[in-house]
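Everything on this sheet refers to the single structure shown next.
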Amino acid sequence: MAAKAVEDKFRVVAVLVTHNGALWLPEVVAALGSQTRPIDFISAIDTGSTDTSTKLLKSARIPFTTTQADVGYGQAVSMVVQSLPECETDEWIWLIHDDCAPAPTALAQLLEAVQERPQVVMAGPKLLGWHDRTHLLEAGVSIAGNGARWTGLETNEYDQGQHDGNHDVLAVSTAGALIRRDVFEEIGGLDPNLTLFRDDVDFGWRVRTAGHSVLAATNAVAYHAQASANERRIVDVEGALLHRPLLLDRRNAAYVLLANSSWWMLPWLTIQLLGSAVARAIGYLLLKLPGYAGDELLAIGTLLIKPQEILHARQLRRKHRLISSRVVSAYIPPRWSQIRHGSEHLIEILRSKLFRHENSSQASSVLESNEDEEDLLTPVKSNEWARFFKRPEILGFLILGVITLLNSRQRLGDLVGGALALTPEGATDLWRVYFESWHQVGMGSSSATPTWVAFIALGSVLTVGNASLFVTLLFLVSPLLIMWSALHLLKKLTQNLWISIPASFLYAISPVTLAAISTGRLATLVILSLAPFVVSSISKWETIENVRWRQIFSIALLLSVFYAFTLMTFVIALIGLIAITISDYEKHAHLANEELYGHRFKKRAAVVFVPFIVNIPYSLEAILQPSRFLVEPGIAIPGAGVVKTVLGDPGGVLPIWLVSPILLVLFVSLFSSTQARRMAEYGIGLLAIAAVVSAINISAHGNDASTKAWAGPVIAFATLAAICAGTVLLDRLRPTLVLSHIHYRHYLSAFLLFTTIVYGVLASAFSITTGAQSLVQANRATVMPAFLNVEGDLKILVLREVESGNQKKIQFFISRGKDISMSDPDVAPAQTDAIAQAALGLIDGSGITSSTVLADFGIKYVFAKAPIKKETIRTIDGLGGFTRTSETSAGVVWQVATPTGRLIFVTENGTKIFLESGVEGARTNLPSAGTLTLTETYNRSWQLLQDGYRLERSKNEQGLPTFKVEQAGEISLIHDGTIRRGWISLQVIFFVTLLVLALPGGRRKREISDKELA
Amino acid sequence: MKLTRPIQFITIFLIVFGLANLVDATTTSKTYTESFPAVVCSPTLAGLSSQISLSSTKTPFQRLQDKSAKTSPVKVLRLPVIADSLVISSETTTPVIWQSRAGRWGGAALCRGPVASQWFVGASADVTTRGRLVVINSGLSDSIVDIQAFSENGKQQLQTITVKAKNYSVIPVDTFAPGDQALALLVEPQSGRVNSFMIDEQGQGLRSLGGDLVNSVSGANKTLVIPAIPTQKPARGQTKSQNHVIRVLAPGQVDADVTVEVLSETGVFIPVGLDSRLIEAGRVTEFKLEPDVSSEVFAIRIKSTEPIVAAVKSRISASGKSDYLWSTPSPELSELTMAITGLSPLVVFAGDQINVSIDLKLVNGKTVSKSVVGNDIATWRPPSSARSITITKVKKGSYAGAIVTSVNGIGYFPFAIGSELAKIEIPDSNIQVLNP
């Protein structure tokens, strides 16, 4: 090889640029000296090193010049090249960084690669890591549309020769690049504007547009420390604001793209660069790296405010360009390859998280099979599938999957029923509801939409914005999620999968899970799914001083999701805080460690109250409406009584014979000497809270009747406590029982196991048979007939027999022409007394004035939903003031005889005019002075503007907003959403802050060890 | 192992559980509104006169066609009605209207609250008839009423009429099945607060053959008891007492097999030919009832394999005048109050074992208690000074009706509640109404 190299026709001049590279320089110099194809001439330049670099050069007898520290790499190379004698034919310059050591054969291999390829004017070696020399850094380089440096390699890719060969590339790194001198000089060398970073890509691009080729010759190898990029030395070059390499890199990336791309691509590129800079900045902020975030934005900013620099660069490039810039398009990575690369990376992370034990278990089995030499001679029976299905977790999930599928046979479609109202088709509808300040529910409401609506909308991203599908899937996969999360926790309590799997299975078919799914309880489902993670992370609740603040905020973040769905979790957490603080106070009496207990209190208070703050304004409104602390999303349908509740059933569906052994397990565990006892104490405490909750009657969420509170969220935690206690009990008890003689513990354990198994079998059987007839069903017919939704700005008093307990009772609500949707119950206003009286009058026949009252509130129709008692229909018929307009299978409709509308204008002479109105606001002309009444709930945000002035607003005798109009003219009615927008902004700030505090912080490159880098 | 802590936990839990249960039990409550809908009495048509018996002079009433909702106290215990139908808030008491054509006939009927359906078994549509159906709408909106007639020729064309708010319609009964002799009408309001009354009046040329107010029943049943059918001793020179005619209709699709039992002082028996008699579905069937009973009244119990409606027509002659009455089935007797001022009816109780406690209120305000005990049938005539009868206690399976005689004729009314207590749970605003 060496002999062949000596025979080649080339002259090679190595150009070594040094800057504070004393750490790597000795090895670099040695590498240059040991090349199998000797370098013809070597010249170095030092850019103001303050270390021993120049001394090392001197001792190596390499001729060098020195220059100032702010001179860029390209400029330094040009200075060396200019100092060289006239260019000879076939003269090449070999660019060497002071942190890049070429392998002995590198130069020989590079020359061999270019020898038969006259079109190639730039060739580079395969770059490997300096410390880990199997780590593949680059084999050619390009630039993505968003400015990212694109190598086409995976992170920390191991070099196994998988990319070997000579490849045509856009560019190669200047570290070890061999460039034909004549071309280098012809196209002006490296751009002096690119003092560091991306000068290689820029040069390669220019070489390509000048009609030449660039080659990555992977037989040539060099080891590169990437000292500047990895922040191993200070970047002093001109333009490196605040010595920040990232800032310089991003600026230069944008410069390269904008200077070299076709002009018609520039607008799109600018947008792309800005967008990706903002996205990356957000990412860095989340990783608590504000400096990097600033670099991203500053880099683009500094470039775009000086467009003349780009224009000048483009002019220069135009001079040397022989072919179109589009020639490089083949080397620019398409967007899909970036996405694929990113998703592959993500999948790899997930795979390594999910199957982290896979390799180790396989390895151990291989070793075991080789232990006996005879086994080597025996043909291996490969029965992977059978073994796969015999794994307890697979069996458990499969059985639960089948049960869930059978149980969900009536719930495959748009779900509605029970506590769950119909989900809007698109996530945008949910976002709209979340942001809007006025809700067209009943007589109208300005209540704050709870945060869970935003979470459902956010979750709909998984179903491409189809919120309805997301909710259906959530209900479908909930049992599996619940089992999976429980298993995550139980694996920490026992190594025995044959205990943890059945226990998590029981959690997934516990009464509270079955009831929550059947009655459409979103909050309970979310809590059941996430509670194991909360319990897992909050296990050090009693010695919380040892938990880091970041973890405290992580728990607070998780609890924020719980609070968003139901503030009952706040009540539980608050009770927990009070109980533990009292306990600490008692301990403090003995230990007198004020600092310790103060520290504990601070952290616990943060866990309990930070999520409350994150959920403003909904949580603040709850202080004024305390019933909100005991409700969960959707319609307030009654929960179970106290007795069923303490047996773990919050009510809804389960037959009386299906009794879970939760209470029994907790009572038995109380007498255990293991940690099961502590868990049982928590469980019993939670069941006591559940009993109290279930004894409370509340009126909330658009239901003014007194309804039993649903204790599902509390029972979810109690059930988890029972499952954990049972797991620990069984795990610890088993060895004891095996070794001891038969006594009462054996009988008690047998009884516990028996009742648990009986429950498991009965619950499974119930689930797949009558359990499928849940309150929540798919694709149910709507309540409101379509013809009532034709008119706009319509209010209809709907009467319907609703089942309450075991009785049916006529109840009413004001419809806006259609059924309610998901979040409506949460923001529904309380009943208006006058309307309630009018409705009563309709039903008992005493309502002679009902029609007038309804007209006063803008209610145009009365709709009695079938089936309803004939007597009620006849009573309304006989009342007067109502004209029956239709009778269909859906029900009977009467028109209120007194004309009415949403906007009623009464002129000064008493003439009533019903004005056209939009869904919320209105813009119309008034013929004269008078009084305008809006038949919506009074709210301070209703504003009527005329000639730019707000008109005086007051309440009329019905409590409706009324405006005094002094003159004729155009008016605008609006509901001012400034306050709502303000609250949401505050909430977003709180949430993002909590998110940033909770997420693990990123590391700067200088904080990453050499070993990790390469 | 220390047991103190677990036992403490269990004790606290049990205390909380007990208290929660206690709170749960005490907070369960429901709120209702209770009212007795006002009853409506038949209007006085031309040539007729009416009096309504009431139990209190303070009973509020208003004329049907009054536009105002204001009521006035009746001030008297027997209120003559000039023309209009009256709406009376009589609460628990059922007023009785006595209507008559001077010197020709008399009849009684209950004033009732609005009902879902009314069956009238009586009247005919042949040349002798002068009968009319009065449909009253006491509501404030127009009402639509379906009238389905049946005759010996089967089911007739359904007729639907509209009655204006606070008004009534008078329809000649011969329009329902012209020429047919035996009628049964079902009045079913589709909408509105509707009551109906039927006046059955017959004549031949200028000669009156009598008349009656036909009481209605709310629906067909498999067992009917008609508690008061008057008898008349054979006239001098005659051997047989007068005939009774049973009119029966099985309104369903299946023929009915009926058996008629007679309950009289002489015992319970099935007259010859009235055991297991086939009644064709949808056709009004009449057959004679000639029981050999010596008492002045008897009762019948009709048992059927299918739901039926029925009535018995009895003709009574006195002082050269002839009148008839329609005895209709009575519902099982329950606690109720009937206003009988000025009627001095003969009250007839029927049932296997009769044991009825009665409070009798006299016009002077005094209350007298009375018990009626017997088997099969028992009669009792309250004094003429009685204003109301209150049944305070009654043995199950008892029925009662009353026969009223006056100078103009004879009438019948069943003992039944005119206005049922409407107990309505106060509705709440509940958004669940709008969720499928």
More than 30 Å from A:L285 (Cα to Cα), of a type in the set (A, V, I, L, M, F, W, C), at pLDDT 90 or above and assigned to a loop (DSSP other than H, G, I, E, B) - does that describe any residue in segment A:969-981? no
Could you check segment B:86-118 and list, in sequence order, the residues that are more than 14 Å from chain A (Cβ to nearest Cβ) and in a loop (DSSP other than H, G, I, E, B)? B:S90, B:E91, B:T92, B:P95, B:A102, B:G103, B:R104, B:C111
Index of the failed condition, A:A259 passing every other in (1) buried (at least 21 other Cβ atoms within 10 Å of the Cβ); (2) at positive phi: (2)
If a residue must be within 14 Å of chain A (Cβ to nearest Cβ), surrounded by 24 or more Cβ atoms within 10 Å (Cβ to Cβ) and outside any loop (DSSP other than H, G, I, E, B), how many such residues does segment B:396-436 contain? 6
How many residues of segment B:131-167 are within 14 Å of another protein chain (Cβ to nearest Cβ) and not polar (S, T, N, Q)? The answer is 12
Testing A:A108 on (1) crowded, with 20+ Cβ neighbours inside 10 Å; (2) within 35 Å of the chain's Cα centre (by Cα), one condition comes back false. Which one is that? (2)
For segment A:654-663, the count of residues that are buried (at least 20 other Cβ atoms within 10 Å of the Cβ), over 35 Å from the mean Cα position of the chain (by Cα) and either small (G, A, S) or part of a helix (DSSP H, G or I) (or both) equals 1
Look at segment A:880-900 and say how many of its residues are surrounded by fewer than 20 Cβ atoms within 10 Å (Cβ to Cβ), within 12 Å of another protein chain (Cβ to nearest Cβ) and either of a type outside the set (G, A, S) or under 51 Å from the mean Cα position of the chain (by Cα) (or both). 6
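Looking only at residues that are farther than 17 Å from B:S151 by Cβ and not polar (S, T, N, Q) in segment B:243-254, which one is surrounded by the most Cβ atoms within 10 Å (Cβ to Cβ)? Break it down stepwise before answering.
Pass one, segment B:243-254, residues farther than 17 Å from B:S151 by Cβ: B:243-244, B:253-254.
Going one step further and asking which of them are not polar (S, T, N, Q), we end up with B:244, B:254.
Numbers: B:H244: 21, B:V254: 11.
Only one residue fits best here, namely B:H244.
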Assess whether A:I635 counts as being in contact (Cβ under 8 Å) with a residue 40 or more places away in the chain and surrounded by fewer than 23 Cβ atoms within 10 Å (Cβ to Cβ). no
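Residue-by-condition table, conditions (1) surrounded by 19 or more Cβ atoms within 10 Å (Cβ to Cβ); (2) without any contact (Cβ under 8 Å) to a residue 40 or more places away in the chain; (3) closer than 25 Å to A:L577 by Cα; (4) within 13 Å of another protein chain (Cβ to nearest Cβ):
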site	(1), (2), (3), (4)
A:D649	yes, no, no, no
A:G652	yes, no, no, no
A:V665	yes, no, no, no
A:M679	yes, no, yes, yes
A:A690	yes, no, yes, yes
A:H701	yes, no, no, yes
A:A721	yes, no, yes, yes
A:L737	no, yes, no, no
A:H741	no, yes, no, no
Screening A:A144, A:A113, A:A139 for residues that are out of contact with any Pro (no Cβ under 8 Å at 6 or more places or on another chain), surrounded by fewer than 24 Cβ atoms within 10 Å (Cβ to Cβ) and aliphatic (A, V, I, L, M) leaves only A:A113
Segment B:246-295, residues that are in contact (Cβ under 8 Å) with a residue 60 or more places away in the chain, of a type in the set (G, A, S) and not in a loop (DSSP other than H, G, I, E, B): B:S264, B:G267
Taking only segment B:344-372 into account, find how many residues are touching a residue at least 60 places away in the same chain (Cβ under 8 Å) and over 24 Å from B:L263 (Cα atoms). 2
Can you give me the number of residues within segment B:309-354 that are out of contact with any Pro (no Cβ under 9 Å at 6 or more places or on another chain), closer than 14 Å to B:G411 by Cα, of a type outside the set (D, E, K, R) and part of a strand (DSSP E or B)? 6
Is there a residue being of a type in the set (A, V, I, L, M), in a helix (DSSP H, G or I) and touching a strand residue (DSSP E or B) at 6+ places or on another chain (Cβ under 9 Å) anywhere in segment A:431-451? yes
Helices (runs of 4 or more DSSP H) contained in segment A:301-417 and holding at least 3 residues at pLDDT 65 or above: A:307-320, A:335-354, A:384-390, A:392-407
Flag for B:E188 being crowded, with 24+ Cβ neighbours inside 10 Å and among the acidic types (D, E): no
Could you check segment A:935-959 and list, in sequence order, the residues that are in contact with a Lys or Arg (Cβ under 6 Å, 6 or more places away or on another chain) and assigned to a strand (DSSP E or B)? A:Q943
Condition first: among the aromatic types (F, W, Y) and either closer than 16 Å to A:I796 by Cα or part of a helix (DSSP H, G or I) (or both). Can you find one or more residues in segment A:886-907 that meet it? yes
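For (1) more than 21 Å from the chain's Cα centre (by Cα); (2) basic (K, R), each residue gets a yes or a no:
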{"position": "B:D174", "(1), (2)": "yes, no"}
{"position": "B:D180", "(1), (2)": "yes, no"}
{"position": "B:L186", "(1), (2)": "no, no"}
{"position": "B:R193", "(1), (2)": "no, yes"}
{"position": "B:F197", "(1), (2)": "no, no"}
{"position": "B:G203", "(1), (2)": "yes, no"}
{"position": "B:L206", "(1), (2)": "yes, no"}
{"position": "B:N215", "(1), (2)": "no, no"}
{"position": "B:I226", "(1), (2)": "no, no"}
I'd like to verify a number: residues in segment A:677-698 that are within 20 Å of A:Q625 (Cβ to Cβ), in a helix (DSSP H, G or I) and over 35 Å from the mean Cα position of the chain (by Cα), how many? 1
Residues of segment B:89-101 being under 19 Å from B:S56 (Cβ atoms) and at pLDDT 90 or above, in sequence order, are B:T93, B:T94, B:P95, B:V96, B:I97, B:W98
Reported set for segment B:373-391 where residues are under 19 Å from B:N355 (Cβ atoms) and either exposed (fewer than 14 other Cβ atoms within 10 Å of the Cβ) or without any contact (Cβ under 8 Å) to a residue 24 or more places away in the chain (or both) is B:V373, B:N375, B:R381
For A:L525: the one exception among (1) crowded, with 21+ Cβ neighbours inside 10 Å; (2) among the hydrophobic types (A, V, I, L, M, F, W, C); (3) under 19 Å from the mean Cα position of the chain (by Cα); (4) under 30 Å from A:I979 (Cβ atoms): (4)
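Taking the conditions exactly as written (away from chain B (no Cβ under 13 Å), buried (at least 23 other Cβ atoms within 10 Å of the Cβ) and modelled with pLDDT of 90 or more), does A:T727 satisfy them or not?
Here the answer is yes, as A:T727 does meet what is asked.
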Options A:D132, A:D99: the member that is at pLDDT below 90 and touching a helix residue (DSSP H, G or I) at 6+ places or on another chain (Cβ under 9 Å): A:D132
Only one of A:V642, A:V614 is within 14 Å of chain B (Cβ to nearest Cβ) and crowded, with 21+ Cβ neighbours inside 10 Å; which? A:V642
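The values are calculated or read from the model by the stated rules, or taken from the named source; none is laboratory data. Given the structure is predicted, the values throughout are model-derived calculations rather than measurements. Neighbour counts run over all protein chains shown; Cβ positions are idealised from the backbone, glycine included.
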